[in-house]
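Here the structure is laid out as structure tokens; the discussion comes afterwards.
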Amino acid sequence: MNEGASALASGLSETKRRLLEAYLRGDAGAGGSAAIRPRPPGAPVPLSYGQQLLWLHGQLAPELPVYNEPITVHRAGPLDVEALEASLTEVVRRHEAWRTTFALMDGQPVQRVQAAPSFELPVVDLRGLPRGEREAEALRLATEDARQPFDLAQGPLLRAKLIRLDENEHRLFLPRGRRCDPNDPEEQWILVGGPTGDSSPSSSPAEPAAASPPPHDHKETRPNCTPSC
């Protein structure tokens, strides 16, 4: 142990000092596994602080979509709608957070992960409107959908609507329920460009890539997360 580490260790308890020494030797994992083990299927999970706020709001004012966060994706070029629908289905299947709901157990709210559903992608064709009116109507439809609250007891916390503006021009609207951090770049990357198998929206929808579920999924644990985060 070098001089700096020795000075640091001098103020530690015996247990912490031994852990530090093991870490510096490179065998910090000896005697135990540092891997995150998946929870048993169906096991209830307590709500994080941010999820408690979300659940409480759902009890007091379920009709107010304060926690809704819409995402818009503009697609110019050919689009295979069936492949896009299959890709969204795969996103929801692989990421438990989008199908995590809240239930009461012994009077306390807990997280429940629902089975992966087949994602339904409704398509609204606006080509019958004059070209100058299509964008305004698309915005109206997206705003109307974004104002609809999510059912925290049933899920999923993600909806989609595809607006066809022209033969090769679409807008995909994705209202989502905030899990805690509405600006989490990882969440948005997962939705608009993340690991959805090899089913590109412009590719064949025949069969999404067979991808195994991630070893563990994200659950909010940040105690300082608030509705404004």
Multiply the residue separation of Asp106 and Gln148 by 0.36 nm, subtract the distance between their alpha-carbon atoms, and state the gained length in nm to one decimal. 12.2 nm
Could you let me know the centre-to-centre spacing of the stretch 105-119 and the stretch 126-153, using Cα atoms, in angstrom? 29
Residues Ala61 and Glu133, FRET efficiency given R0 of 45 Å [Cβ-Cβ distance, rounded to 0.05]: 0.85
Tell me the trypsin sites (Lys or Arg not before Pro) within the stretch 96-135 that lie in a loop according to DSSP and have at most 14 other beta-carbon atoms within 10 Å. Arg127
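Any read-out appearing in this document is the output of simple, stated calculations on the displayed coordinates, not a laboratory observation. None of these values were measured; they are calculated from a predicted model. Please note: Cβ atoms are built from the backbone with ideal geometry, for glycine as well, and neighbour counts cover all protein chains shown.
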